[in-house]
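The structure appears below as structure tokens.
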Amino acid sequence: MCIIKNLYSIETGNFKLDGGAMFGVVPKTIWEKTNPADELNMIEMAARSLLIETSHKLILIDAGLGDKQSEKFFSHYYRWGEYSIDTSIKKAGFKNGDITDVFFTHLHFDHCGGAIIRKSGELVPRFENANFWVNKDHWKWAISPNSREKASFLQDNILPLEKSGKLNLIGASEKPLGFDLLTVNGHTEKMMLPILEFKNKTFVFVSDLIPTAGHVRVPFIMGYDTRPLLTLQEKAFFLEKAAKDKILLFLQHDVRYEVIDIRKENDKFKLNKTFKLEDI
Ligand SMILES: [Zn+2]
């Protein structure tokens with residue numbers, strides 16, 4: 001059990017992805033109502049991390065895209081807006097050196113890139129005092145990626161975590177940081193979603209299981225998912241529980257909404273209310 005003193009939303013910097021790839025088999029005429037596309041068919045994406053303050057730890061969940069890749073690499077992702085991970089941590093009242101732990105839901109570049117920086121030609125942690133936490137089966141998956149996910153698993157983001165000597169590989173049933181985990185396998189191998197108890201409410205950091213509020217409907221599954229039929233089952237199971245137990249979903253990639261809850265209506269799950277984390 002870990003007693004959470006406070007939660008802070010950490011905006012690490014927005015980007016864009018292809019709307020079609022983000023919605024799989026769903027037609028554009030439907031998804032563009034919630035996620036409007038630009039002239040290149042790209043939709044706006046947040047890369048929102050969560051900072052958890054406990055009595056003796058400061059835990060960052062995921063770390064955004066970072067800034068060390070080439071111009072050419074970033075030209076595919078249309079970064080926009082003023083947010084940066086350093087500024088957002090400062091705004092929450094902390095220094096990078098205060099972060100004791102960085103927990104990764106998974107190692108796709110838009111979730112872990114910001115944890116590693118280039119300093120005097122070396123790839124080193126941005127958070128010099130932090131331990132890193134990754135699922136052990138996901139780690140194996142990420143260091144020898146299949147060709148479909150290869151563009152998302154950048155070894156420049158991943159191998160320096162091990163080299164730092166601060167990498168901890170954990171099993172799906174462990175909870176070394178005190179909070180429970182929901183582990184899902186449809187998006188990628190063993191993505192871990194933190195379940196947090198705060199202010200008498202249950203929050204789940206839903207990562208790429210439900211990337212934006214436009215993805216609440218069960219079949220609205222990203223084209224990126226490695227096992228979409230498994231995501232279908234995992235989403236249906238999770239949303240059933242979320243609607244019944246009034247669980248709050250912390251959204252990582254939605255530019256408009258930080259936190260939402262869900263209701264079930266005529267056998268379909270729908271967005272119920274939207275919240276700012278600081279107003280809860
Ligand atoms: Zn992902």
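The values are calculated or read from the model by the stated rules, or taken from the named source; none is laboratory data. Quick caveat: nothing in here was measured; it's all calculated off a predicted structure. As a convention, Cβ positions derive from the backbone with ideal geometry for all residues, glycine included, and neighbour counts pool all protein chains shown. Accessible surface is based on the protein model in full, side chains and every heavy atom, while ligands, DNA and RNA are left aside. Shrake-Rupley method; radii C 1.70, N 1.55, O 1.52, S 1.80 Å.
From the list GLU189, GLU162, GLU234, GLU240, the one residue that fits, being open to solvent by less than 40 Å² (accessible area, probe 1.4 Å), among the charged types (D, E, K, R) and farther than 22 Å from ALA47 by Cα, is GLU234. Of everything in the range 10-26 that is out of contact with any Phe, Trp or Tyr (no Cβ under 8 Å at 6 or more places or on another chain) and assigned to a strand (DSSP E or B), the residue that is most open to solvent (accessible area, probe 1.4 Å) is ASP18.
The residues listed here are PHE250, PHE153, PHE203; of these, the one that is open to solvent by less than 10 Å² (accessible area, probe 1.4 Å), within 16 Å of the ligand (Cβ to nearest atom) and in contact with a strand residue (DSSP E or B) (Cβ under 7 Å, 6 or more places away or on another chain) is PHE250. For the range 124-139, a tally of residues being away from the ligand (no atom under 14 Å from the Cβ), assigned to a helix (DSSP H, G or I) and in contact with an Asp or Glu (Cβ under 8 Å, 6 or more places away or on another chain) returns 1. If I ask for residues that are of a type outside the set (D, E, K, R) and either open to solvent by 40 Å² or more (accessible area, probe 1.4 Å) or part of a helix (DSSP H, G or I) (or both), which ones from the range 101-116 would you list? Matches in the range 101-116: PHE109, HIS111, CYS112, GLY113, GLY114, ALA115. Applying the criterion of being within 15 Å of ASP261 (Cα to Cα) and assigned to a loop (DSSP other than H, G, I, E, B) to the residues of the range 206-219, the residue that is most open to solvent (accessible area, probe 1.4 Å) is ARG217. In the range 224-280, counting only strands (runs of 3 or more DSSP E) that sit wholly within it, the ones holding 2 or more residues that are of a type in the set (Asp, Glu) span 259-265.
Taking each residue of the range 121-137 that is on the phi < 0 side of the Ramachandran plot and of a type in the set (Asp, Glu) and looking for partners that are open to solvent by 40 Å² or more (accessible area, probe 1.4 Å) and not in a strand (DSSP E or B) with beta-carbon atoms closer than 6 Å, six or more apart or interchain, yields ASP137/LYS190. Evaluation of PHE153 against the conditions (1) within 19 Å of LEU51 (Cα to Cα); (2) of a type in the set (Phe, Trp, Tyr); (3) under 18 Å from the mean Cα position of the chain (by Cα) shows that the sole unmet condition is (1).
Just to check your reading of the model, which residue among SER84, SER49, SER75, SER88 is open to solvent by 50 Å² or more (accessible area, probe 1.4 Å) and not aliphatic (A, V, I, L, M)? Exactly one of SER84, SER49, SER75, SER88 is open to solvent by 50 Å² or more (accessible area, probe 1.4 Å) and not aliphatic (A, V, I, L, M), namely SER75.
None of LYS68, LYS57 is of a type in the set (Lys, Arg), more than 30 Å from LEU232 (Cα to Cα), open to solvent by less than 60 Å² (accessible area, probe 1.4 Å) and touching a residue at least 24 places away in the same chain (Cβ under 8 Å) except LYS68.
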